[in-house]
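Just below is one structure, and these are the notes that go with it.
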Amino acid sequence: MDKIDGRMFRNMILSGAENLRRHADYVDSLNVFPVPDGDTGTNMNLSMTSGADEVEDKEDAHIGTVGKHFSKGLLMGARGNSGVILSQLFRGFSKAIEEKQEIEAADFTAAFGAGVKTAYKAVMKPVEGTILTVAKDSAKKVEEISASESSIITIMEAVIKEAKSSLERTPELLPVLKEVGVVDSGGQGLVYVYEGFLSALKGEPIEVSGKSDTETFVNDEHDFEEFMSVEDIEYGFCTEFMVRFESDKREFDEDGFRQDMSEFGDSLLVISDEEIVKVHVHTETPGEAMTYGATYGELIKMKIENMREQFRAVHHKQDAAPERKEGYDTAIITVSSGEGVNELFRSIGATHVINGGQTMNPSTEDILRTIEDEAVKSAIILPNNKNIIMAAEQARDMLDIPAVVIPTRSIPEGLSSLLVYSPDAELEENKDAMEASLEHVKTGQVTYAVRDTKIDGIEIRKDQHMGIKDGKITGAHDSREASLKQLIESMLDEESEIVTVLIGDEGDQEEVDRIIEALESEYDEVEFEVHDGQQPVYSYLLSVE
């Protein structure tokens, strides 16, 4: 085969997506810690599926046109670092062939190289030993043989052979991979895509081959199935962050840093170079771990995930059944994180809760699927985060049933709007009432600063606790309690009736009790409500109505 057109490229894309889909769970498992917190396979699968969906019904013979559709689908569906890099690889690939009716081996080879260049440009600080390395090595290898090789099948076979070799070298390039005992999960996902391409070129059906030879890199002792109950998880928050070293901070010593970090939890991984240290730790106090890290420099790329919730999702999928409530016509979908917050939404009428929020935005597909899985007549979506509103609106527009999005920008706004929902009212009536309720609720948040800055005349030092009122910083204090008290006082006025406090994972009930006791004498007409929200990121979430 010395040429391929759009129809063949479409078949390659569908085959690559299918092969990745069948192995997505294995790719996820390559990031093996006491609880499976890896989602690379899921992210790559969803991204690739989005690209495949764009070309599935296309019968265009023009390969450049098919490439444009594929690239668009990947970009729209990309999620997670691995998904974004995958989309960039094929964005560059597709750009290189966009004017072509069909391509030959030389064009095919050049497109792989163009994809690598695009992907590397998209990553601010490329890390070797990842999907980038696998893509780069395989593209470079086929470039060496392209001048004398006209068979596209031979080129694809060479790509896969080198990609697998590069994948097996990834533990030598990234100490974290070697320490945990895995190859790079993103690189493995790319190999599965390439293998699917080759199967289509050869006209061979995709077979589920099980785990590849790279399974030998997974250490036997990393058996996450041994966790039989959520109570076995001693440290519940998978915490990842990076610290960019600063000259005026503490001098970095990796051994000492690792020893100090080990006090915060387990499953500790520390990787550093001259400029940055990357940390992965399972802990009960992610805020304290990050605060310690910040003594060495500026915190960047922070991520906190609740592993207890992940455990329930992975091992008890059947538990989702209670979400299906019989006898309702309108599905009310809300996005939130924190077991206490989720339960609060359910208790006041939410039929479905999608775990997500500040550090984990659900995709349009997540929201759409939640609604489509139910036999309901209408839907109301509460995104509860400004970065999720657009995805919610896209899901609404794709539904076959009437649906509305209430543009809630925070958890307190979502709770307030849901309280005015009436099952007896029409959809538009509920929409108007729920949106109107947002005008009467003030939202407050307490979190900590990740860098020194000055905003609206307020000097803020890194690691100070900040009060944020409706998106605007009201003050910063070394004391979290002082910050919370000032925030509540700034939100109260003579019309205030109810103050609701949601205590997060880093919050403290005694702090809240002391503040309420001090304020009740001054604001005797105000009712205070306190709930254990268990939300990450924010020590406290507040609403004043």
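The values are calculated or read from the model by the stated rules, or taken from the named source; none is laboratory data. Source: prediction; values computed, not measured. Here the Cβ positions follow ideal geometry from the backbone for every residue, glycine too, while neighbour counts run over all protein chains shown.
Asp513 passes every criterion in (1) at pLDDT 90 or above; (2) under 32 Å from the mean Cα position of the chain (by Cα); (3) not aromatic (Phe, Trp, Tyr) apart from (2). When the stretch 533-544 is filtered for residues that are assigned to a loop (DSSP other than H, G, I, E, B) and either of a type in the set (A, V, I, L, M, F, W, C) or surrounded by fewer than 17 Cβ atoms within 10 Å (Cβ to Cβ) (or both), only Val537 remains. Candidates in the stretch 505-545 are the residues that are in contact with a strand residue (DSSP E or B) (Cβ under 9 Å, 6 or more places away or on another chain) and of a type in the set (Ser, Thr, Tyr); of these, the one that is nearest to Glu439 (Cα to Cα) is Ser543.
Condition first: modelled with pLDDT under 85 and either in contact with a helix residue (DSSP H, G or I) (Cβ under 7 Å, 6 or more places away or on another chain) or among the hydroxyl-bearing types (Ser, Thr, Tyr) (or both). Can you find one or more residues in the stretch 329-336 that meet it? The answer is no, given that none of the residues of the stretch 329-336 is modelled with pLDDT under 85 and either in contact with a helix residue (DSSP H, G or I) (Cβ under 7 Å, 6 or more places away or on another chain) or among the hydroxyl-bearing types (Ser, Thr, Tyr) (or both). Evaluated against (1) modelled with pLDDT under 80; (2) loosely packed, with under 12 Cβ neighbours inside 10 Å, His222 falls short on exactly one condition, (2).
Counted as qualifying within the stretch 234-302 are the strands (runs of 3 or more DSSP E) with 3 or more residues that are over 26 Å from Glu339 (Cα atoms) and in contact with a His (Cβ under 9 Å, 6 or more places away or on another chain), namely 265-272.
When residues in the stretch 42-71 are screened for being more than 20 Å from the chain's Cα centre (by Cα) and part of a helix (DSSP H, G or I), 13 of them pass. Tell me, please, whether a residue that is surrounded by fewer than 23 Cβ atoms within 10 Å (Cβ to Cβ), within 15 Å of the chain's Cα centre (by Cα) and modelled with pLDDT under 85 can be found in the stretch 291-301. Yes: the stretch 291-301 contains one or more residues that are surrounded by fewer than 23 Cβ atoms within 10 Å (Cβ to Cβ), within 15 Å of the chain's Cα centre (by Cα) and modelled with pLDDT under 85.
Whenever a residue of the stretch 51-64 is buried (at least 19 other Cβ atoms within 10 Å of the Cβ), its partners that are hydroxyl-bearing (Ser, Thr, Tyr), lying with C-beta atoms within less than 9 angstrom and at least six residues away or across chains, give the pairs Gly51/Ser71; Gly51/Ser87; Glu54/Ser71; Gly64/Ser94.
Under the condition of being touching a residue at least 60 places away in the same chain (Cβ under 8 Å) and within 30 Å of Ile276 (Cβ to Cβ), the residues counted in the stretch 121-161 number 1.
Residues checked against (1) within 20 Å of Arg91 (Cβ to Cβ); (2) surrounded by fewer than 16 Cβ atoms within 10 Å (Cβ to Cβ); (3) touching a Ser or Thr at 6+ places or on another chain (Cβ under 9 Å); (4) not assigned by TED's automatic domain parsing to the domain that holds Val183:
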{"position": "Lys121", "(1), (2), (3), (4)": "yes, yes, no, no"}
{"position": "Ala135", "(1), (2), (3), (4)": "yes, no, yes, no"}
{"position": "Lys140", "(1), (2), (3), (4)": "yes, yes, no, no"}
{"position": "Ser151", "(1), (2), (3), (4)": "no, yes, no, no"}
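Scan the stretch 352-375 for residues that are modelled with pLDDT of 85 or more and either under 14 Å from the mean Cα position of the chain (by Cα) or surrounded by fewer than 21 Cβ atoms within 10 Å (Cβ to Cβ) (or both) and the total you get is 1.
Taking the conditions exactly as written (closer than 21 Å to Arg21 by Cβ, in a helix (DSSP H, G or I), touching a residue at least 12 places away in the same chain (Cβ under 8 Å) and polar (S, T, N, Q)), does Ser87 satisfy them or not? Spelling it out, Ser87 is indeed closer than 21 Å to Arg21 by Cβ, in a helix (DSSP H, G or I), touching a residue at least 12 places away in the same chain (Cβ under 8 Å) and polar (S, T, N, Q). Per the listing Leu30, Leu20, Leu14, the residue uniquely modelled with pLDDT under 85 and within 28 Å of the chain's Cα centre (by Cα) is Leu30.
Just one of the numbered conditions (1) crowded, with 23+ Cβ neighbours inside 10 Å; (2) within 22 Å of Ala24 (Cβ to Cβ); (3) more than 27 Å from the chain's Cα centre (by Cα); (4) not small (Gly, Ala, Ser) is not true of Ile97: (2).
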